Amino acid sequence: MTYSIRKYSHLLLAVLIVTALLLPATTVLAASTTQPIPAYSESGEKHSYIIVVNDTIALPKVMSIVSRFGKVKEAHAGAGLLIASGSRVVEELLKGVKGVVVAEDYKVQFLPPPTELQADLMNENITVDPYYPYQWDMMYINVSPDKAWSVTTGDPGIKVAILDTGVCWYHPDIAPNYDFELSTSFVNESPIEGIDDSSPMDYYGHGTWCAGCVAAALNGIGVVGVAPNVKIVNVKVLTSEGWGYWSWILEAILYCADNKIDVISMSLGAYLNLTDPNDRAIYLAFVRAVLYARARGCVLVAAAGNEANDLTETLIKEKLIEVPAMLPGVISVSAVTDIYELAPYSNYGFGAIDVTAPGGYWYGYPEEGWRYHLCLNCWSPECWWSPGSYYTRMAGTSAACPHVSGVAALILSINPRLRPSIVEHIIKITATDIGEPGYDEYFGHGLVDAYGAVKLTDTYFKHIKLKIIIKH
């Protein structure tokens, strides 16, 4: 997530969330009708739905209803979720099925339109010379040849999915680690003329930056990532304008789980209102998807958001919840600056933040030198609003999130059998405490430490075959 947007221990939040979700989740039988129900027509009014099926026995019945009056786009028995389209008849009929919750899908601006400050970042004209010495963010989390990389630079068998605006696969720092087989796009709308967003290509730039932060190759060109030998799986869920549908992200999480992708990195987010039945149903669908992904071995990481909000207070007072960062089972990341302050834009909150990572800040803008307080990494030359650039500096919890995703990939490179709960535990207990002693609302358990994490893993968890059981 870039610096200006809604992008972005869950024990306290889990209690509040479960309380909200325990409002009637099953629906009553719909009133009978004596009028024949018309069959679904492609030419008629069409709506998109996210459907949660609490009882998998009812799944065939739900699919039959949807198939008669609409279309099933995705049916996932394991998570009890369906993505469908059709007329209002679908929604009305499903309200009469016990244990089924229906939400109408809608699009959300997960990333902001480009701003003057963003465009200014691209005017630096960075060449393809090695720029690792300018990546202060890597050094702050002990990613260097004598620290984390002395233990591991990552295993090519470990895959990290970037759920974002796509990834530029021919970028010289991305290409060596790009997984062409699994990379895909869930975007089926193209808002800008001449751009095909159904392609996994990144026409915004944001996804390529996040991919580079995780795994830009250690190849003597440009920049490096936290885990420069792991694989990048490009899972496009946002358009070239930075918006997407909730269902696209849900489908992407399920796709990653079914394809045994190790880490899911999500530098995106938006708010759901838990007092609204439709948003509450969407939230329930996300809880199901995350639980399914965790059970399949995925570590999920998300940006906490850039509105400078106290997420705990927002949830309690306004019943707004940041998704996916505040979902139980997702590692939520706030942003720290190069002077170890909570970035002024970063969201925070007791119980809402797990760890912090470098996100940078534009100190002194527009005075000379302000760019050096930001984080440097890859960019997509296909970016429609500033084409031709391969590298740029960025600030935001979007920048913080992939640092943690990269550390998770390094841990799994040492022992790919570790469960998500153990990986999360390692990240938390090895983080450097930079705020109030112990856990705090701004930095969570502290600043992620790549060296501390891989050293602990190599010493104590390298040969464990998962006889340790930790609840998800």
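The values are calculated or read from the model by the stated rules, or taken from the named source; none is laboratory data. Computed from a prediction, not measured in an experiment: that's the story for all the values here. Backbone-built Cβ (ideal geometry, glycine too); neighbour counts: all protein chains shown.
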Note on Gly207: of the conditions (1) closer than 24 Å to His403 by Cβ; (2) assigned to a loop (DSSP other than H, G, I, E, B), unmet is (2)
Flagged in segment 115-171 as part of a loop (DSSP other than H, G, I, E, B) and at pLDDT below 90, in numbering order, are Thr115, Asn125, Ile126, Thr127, Val128, Asp129, Pro130
Being modelled with pLDDT under 95 and either basic (Lys, Arg) or surrounded by fewer than 24 Cβ atoms within 10 Å (Cβ to Cβ) (or both) narrows Ser421, Ser389 down to just Ser389
Residue hits (segment 330-353; under 21 Å from Pro420 (Cβ atoms) and buried (at least 22 other Cβ atoms within 10 Å of the Cβ)) are Val330, Ile331, Ser332, Val333, Ser334, Ala352, Ile353
Quick count over segment 45-71, residues being crowded, with 18+ Cβ neighbours inside 10 Å, β-branched (Val, Ile, Thr) and under 30 Å from the mean Cα position of the chain (by Cα), is 6
Residue set Gly194, Gly205; condition in contact with a Ser or Thr (Cβ under 6 Å, 6 or more places away or on another chain) and of a type in the set (Gly, Ala, Ser); output residue Gly205
The condition from (1) surrounded by fewer than 17 Cβ atoms within 10 Å (Cβ to Cβ); (2) over 20 Å from Pro402 (Cα atoms) that Ile321 misses is numbered (1)
Among residues of segment 182-198 being within 19 Å of Trp246 (Cα to Cα) and not hydrophobic (A, V, I, L, M, F, W, C), the residue surrounded by the fewest Cβ atoms within 10 Å (Cβ to Cβ) is Asn188
The correct count of residues that are more than 26 Å from the chain's Cα centre (by Cα) and outside any helix (DSSP H, G or I) in segment 418-465 is 7
* Could you tell me whether segment 418-439 includes any residue that is of a type in the set (A, V, I, L, M, F, W, C) and touching a Cys at 6+ places or on another chain (Cβ under 7 Å)? => no
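Every residue, every condition in (1) assigned by TED's automatic domain parsing to the domain that holds Gly207; (2) modelled with pLDDT under 95, yes or no:
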site	(1), (2)
Trp385	yes, yes
His403	yes, no
Ser413	yes, no
Ala431	yes, no
Gly435	yes, yes
Gly446	yes, no
Leu456	yes, no
Ile468	no, yes
Scanning segment 428-449 for residues that are within 20 Å of Met138 (Cβ to Cβ) and aliphatic (A, V, I, L, M), the one surrounded by the most Cβ atoms within 10 Å (Cβ to Cβ) turns out to be Val448
Note on segment 143-197: residues touching a helix residue (DSSP H, G or I) at 6+ places or on another chain (Cβ under 6 Å), closer than 16 Å to Val407 by Cα and among the β-branched types (Val, Ile, Thr) are Val143, Val151, Thr152, Ile158, Val160, Ile162
### Message
When you scan segment 231-245, do you find a residue that is surrounded by fewer than 24 Cβ atoms within 10 Å (Cβ to Cβ), in contact with an Asp or Glu (Cβ under 9 Å, 6 or more places away or on another chain), under 27 Å from Leu412 (Cα atoms) and not acidic (Asp, Glu), even just one?
### Response
no
